[in-house]
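Step one of this worksheet: look at the structure below.
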Amino acid sequence: MTAPATKPASDSRPEHQLLPDFCSPPVIFALLVVAALTVTVMWLAPNNGHGWRGYSVGMLFANWLALVIGVALCKLRPLLQRLPSLTPYAGVWSVMVLIVAGGSSLVHWMDAAMQMELLSDSTGDFVLNNTLIAALLGGALLRYFYVLTQWQVRLAAVTRAQVAALQARIRPHFLFNSMNTVAALVRVDPAAAERTVEDLSELFRAALGEHSTQDGTLGEELTLVDRYLAIEQLRLGDRLHVRRELDELPHAFPLPRMLLQPLVENAVRHGVQPLREGGEVILRGWRERDNIIIEIDNPRGGDPAPGGHGHGLDNVRQRVAYRYGPRAHVLASPMGDRFVVRLQLPQE
């Protein structure tokens, strides 16, 4: 089945009012499967007098009704969604029953008018039997959709809470490291420290001022990384070199906020800073089939200190898994005298 549907941020209705997306392929498929199973069970019942011809006609009729119901509910969902309390589901059930009753009447009339003699029951019996079957199966199917929708909403809420917790863990970590940068510059170059404080105010506005767990964009994240590198450039001077190979990346690509900054921070603090001569941090990015590839490449500054390439990297792995699912990968490994972190993010 497709990924769970999340509740829109602007939707203030209670969870029990949410209707499934009747336009989605999984819901349409479920309607078709229920219709096919119903016809098959009835055909396999004892004393059934219909042969393969009756089974084929019944299957065609049931699937036609399922498609009509799916299209009707897809179009009527916005109106039904506005009903109070649990009445949206009652409205959906009523639409299903009425369509089956009307469709049964139409088919019986066409069979008589065209003298095809496919139906042996009277109009009343044919319509009543089909309507009762639709009422029972429709109620059971809607109960399934109701439970599934509640599960999807709760799963989305848990996921949002977990992502928010991961973001909350990154922000103090970033804040404390940045304050240490300012403290170091105050002793060495007060004027540079003052400029850094101004840069940090802009950086914190971008990094800490956004309390929503909604995505930002890759372009915004790269801007945040540039601000951080500008601060570190003041502190490390000629010891820090940065090479950017990012021209192929789509800046509008949706990206969780503060996803790349912790990785770049690790590259500077655990790769360049421990080396007396400094080193070069390389930021690469390109498209590969349906994926966005981003690499952060830094020199190895010896054995990582406790927490080095750990907290930030683990955090990024979890956030990528929550946001992009199993198609996304975060790989980190030494390559000779370099350490490379590679993100593979699927384009949706």
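The values are calculated or read from the model by the stated rules, or taken from the named source; none is laboratory data. Keep in mind the model is a prediction, meaning the values are calculated, not measured. For neighbour counting, all protein chains shown are included, and Cβ atoms are generated from backbone atoms with ideal geometry for every residue, glycine included. Remember, those area values only see protein heavy atoms, side chains included, never the ligands or the DNA or RNA. Shrake-Rupley method; radii C 1.70, N 1.55, O 1.52, S 1.80 Å.
Numbers for the structure displayed
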quantity	calculated
Inter-residue pairs, beta-carbon under 7 Å, first in contact (Cβ under 8 Å) with a residue 24 or more places away in the chain and in the range 329-348, second small (Gly, Ala, Ser), 6+ apart	Phe339/Gly271; Val340/Ser333; Val341/Ala332; Gln344/Ala328; Leu345/Ala328; Pro346/Ala328
The range 242-270, residues that are of a type in the set (Gly, Ala, Ser) and open to solvent by less than 40 Å² (accessible area, probe 1.4 Å)	Ala267
One residue from Leu76, Leu19 being under 28 Å from the mean Cα position of the chain (by Cα), in contact (Cβ under 8 Å) with a residue 60 or more places away in the chain and at negative phi	Leu19
Filter result for Gly103 (over 36 Å from the mean Cα position of the chain (by Cα) and closer than 25 Å to Ile28 by Cα)	yes
Search result, residues across the range 239-259 that are in a loop (DSSP other than H, G, I, E, B) and either modelled with pLDDT of 90 or more or among the acidic types (Asp, Glu) (or both)	Leu246, Asp247, Glu248, Leu249, Pro250, His251, Ala252, Phe253
Qualifying residues in the range 11-25 (those that are part of a helix (DSSP H, G or I) and at pLDDT below 85) - the one farthest from Ser85 (Cα to Cα)	Glu15
Subset tally (residues that are touching a helix residue (DSSP H, G or I) at 6+ places or on another chain (Cβ under 9 Å) and either open to solvent by less than 10 Å² (accessible area, probe 1.4 Å) or outside any strand (DSSP E or B) (or both)) for the range 271-281	7
All positions within the range 114-160 that are part of a helix (DSSP H, G or I), farther than 28 Å from Gly325 by Cβ and touching a residue at least 12 places away in the same chain (Cβ under 8 Å)	Thr123, Phe126, Val127, Asn130, Thr131, Ile133, Ala134, Ala135, Leu137, Gly138, Gly139, Leu142
Scope the range 84-113; condition open to solvent by 30 Å² or more (accessible area, probe 1.4 Å), hydrophobic (A, V, I, L, M, F, W, C) and under 20 Å from Tyr144 (Cβ atoms); matching residues	Leu86, Ala90, Trp93, Ile99
Qualifying positions in the range 40-51 - in contact with a helix residue (DSSP H, G or I) (Cβ under 9 Å, 6 or more places away or on another chain) and either in a helix (DSSP H, G or I) or within 15 Å of Ile133 (Cα to Cα) (or both)	Thr40, Met42, Trp43
Some residue of the range 206-220 being farther than 20 Å from Met335 by Cα, of a type in the set (D, E, K, R) and modelled with pLDDT under 80	yes
Exclusive hit being exposed (fewer than 14 other Cβ atoms within 10 Å of the Cβ) and either within 17 Å of Ala135 (Cα to Cα) or at pLDDT below 85 (or both), set Leu65, Leu37, Leu60	Leu37
Filtered residues of the range 228-283 (kept if on the phi > 0 side of the Ramachandran plot and aliphatic (A, V, I, L, M))	Met258
Filter result (open to solvent by less than 20 Å² (accessible area, probe 1.4 Å) and of a type outside the set (Val, Ile, Thr)) within the range 216-241	Gly216, Leu218, Gly219, Glu221, Leu224, Tyr228, Leu229, Glu232, Leu236, Leu240
Matching residues, the range 79-102, being free of Cβ contacts under 8 Å to residues at least 40 places away in the same chain and among the small types (Gly, Ala, Ser)	Ala90, Gly91, Ser94, Ala101, Gly102
